[in-house]
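Heads up: the structure comes next, in structure tokens.
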Amino acid sequence: MDTARNSFGAEEERMSERSSSRTAAAIADIQLAEAGKRRVQWAAREMPVLRQIQERFAHERPLAALRIGACLHVTAETANLAIALQAGGAEVHLCASNPLSTQDDVAAALVAEYGVSVYAVKGEDDATYYAHINAVLDAAPQVTLDDGADLVATLHSKRREALATVIGGTEETTTGVIRLRALAAAGALAYPIIAVNDADTKHLFDNRYGTGQSTLDGIIRATNVLLAGKVLVVCGYGWCGRGVAARGRGLGARVVVTEVDPLRALEALMDGFEVRPLVEAAPIGDVFVTVTGDKHVIDKAAIEAMKDGAVLANSGHFNHEINLPTLAAMAKPPRKVRPFVEEYHLNDGRRLYLLAEGRLVNLGAAEGHPASVMDMSFANQALAVEYLVQADPCPAPSVLPVPRAIDQAVARLKLEAMGVSIDRLTQEQDRYLHSWDSGT
């Protein structure tokens, strides 16, 4: 713990002196704060890049007096991002981006120990979820941090008066970026938002390695199923699907991939996976995972073809990927058989098992991505916020890429933290790569 404790240093002590009574909050239990602080510090040990950014922020204060409204998974890793932003001078208001992803002890620690305004309770209903989003918007944020675009969607629809103070934002995940691009295409996006998800140091690592490991972690924690010898059906072969498929194969599963994109299907095939339409994979699958970002991927036809005992899990952002209304209509009322496992007894006698209510299984039934991979994702978030604040002139309303310099800086810092050195181009090599007249 010494490494984590030293990483906070004087800044942690300063924030810990803030009284929770002066911090707006809606959390489960403030008494969980000490346990949450230990969890936050444990995660900090695996987040050296964010720690370096935090230390610089504490010295330079580039976010002084900035109000940040964040709708993110309230986990130990997110807590370290909030602490880094506060070290830079920001006032952080945080709500959950998924009703099941909140770690209640971390929420308590953020309020009691670090003075962050948090509105998040694990298992909150939809009405409470949106009440918490509105509580963040009540703070009149100048920069938004979103994971799935629910905060931005609410801001652009029901809370347009709050747009007046916003100068920019960031988006963490694939689903959110898709929604934002649709908003921009409709000419309705009111301010610039950086697509953090699209940074190489985010999606190549967070989506692939983070989602791959944490999804199977959630499935195994919820079911205690042995994946070796099972047929694992992975719906979608984007970066998240690649990660789930690779980790499933590593655990001994026979992996079948389903896709609608011919290029991704071809890639999955050449990566050594079996590729089939979902209706053909349904009768042989033991465990199904959706990671597409689309709606009703597992629908009636697939449900009708599944064998007795099949397990259904989703690792896409929203609980739309499995057609839950159709599943419910085909079965008796579900019964809970284990934490985060519901048994659906179908009318024809088969039993299917839904994990984490069809929500993100890696956060609903486990702890989400390991801190080491979130280190890069949240380093991008912190540096993107700094970029937006310092941009002159302010970018026009659009979905922006993470500046290449930020992406590469994060990669360099991560390599350094891992003790890895790489080569650098010589002047001759650099000139060659920027020339046109050197040929055969």
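The values are calculated or read from the model by the stated rules, or taken from the named source; none is laboratory data. Values in this document were obtained by computation on a predicted structure and should not be read as measured data. Positions of Cβ are generated from backbone atoms using ideal geometry, with glycine treated the same way; all protein chains shown enter the neighbour counts. These area figures cover heavy atoms from the full protein model, side chains too; ligands, DNA and RNA do not enter into them. Shrake-Rupley method; radii C 1.70, N 1.55, O 1.52, S 1.80 Å.
Of Leu163, Leu137, all but one fail to be buried (at least 22 other Cβ atoms within 10 Å of the Cβ) and farther than 30 Å from Thr290 by Cβ; the exception is Leu137. Taken together, Val279, Val255, Val233 contain a single residue that is in contact with a Ser or Thr (Cβ under 7 Å, 6 or more places away or on another chain) and either in a strand (DSSP E or B) or within 22 Å of Gly309 (Cβ to Cβ) (or both), which is Val233. Scanning segment 293-317 for residues that are open to solvent by less than 10 Å² (accessible area, probe 1.4 Å) and of a type in the set (Val, Ile, Thr) yields Ile298, Ile303. Within segment 166-177, identify whether any single residue is open to solvent by less than 10 Å² (accessible area, probe 1.4 Å) and among the aliphatic types (A, V, I, L, M), and answer yes or no. The answer is yes, given that some residue of segment 166-177 is open to solvent by less than 10 Å² (accessible area, probe 1.4 Å) and among the aliphatic types (A, V, I, L, M). For segment 41-64, the tally of residues that are assigned to a loop (DSSP other than H, G, I, E, B), within 21 Å of Asp407 (Cα to Cα) and open to solvent by 10 Å² or more (accessible area, probe 1.4 Å) stands at 2.
Among the residues of segment 200-231, those that are open to solvent by less than 10 Å² (accessible area, probe 1.4 Å), of a type in the set (A, V, I, L, M) and in contact with a Gly (Cβ under 8 Å, 6 or more places away or on another chain) comprise Leu216, Leu227. The requirement of being open to solvent by less than 10 Å² (accessible area, probe 1.4 Å), in contact (Cβ under 8 Å) with a residue 40 or more places away in the chain, out of contact with any Cys (no Cβ under 9 Å at 6 or more places or on another chain) and more than 19 Å from Glu55 (Cβ to Cβ) is satisfied by Leu110. The combined condition, being over 20 Å from Ile298 (Cβ atoms), among the hydrophobic types (A, V, I, L, M, F, W, C) and buried (at least 20 other Cβ atoms within 10 Å of the Cβ), is fulfilled by Val373. Taking first residues from segment 261-282 that are in contact (Cβ under 8 Å) with a residue 60 or more places away in the chain and partners that are assigned to a helix (DSSP H, G or I), no Cβ contact under 6 Å between residues at least 6 apart in sequence or on separate chains turns up.
Exactly one residue out of Leu388, Leu352, Leu413 is under 30 Å from Ala310 (Cβ atoms) and either in a helix (DSSP H, G or I) or open to solvent by less than 20 Å² (accessible area, probe 1.4 Å) (or both), and it is Leu352.
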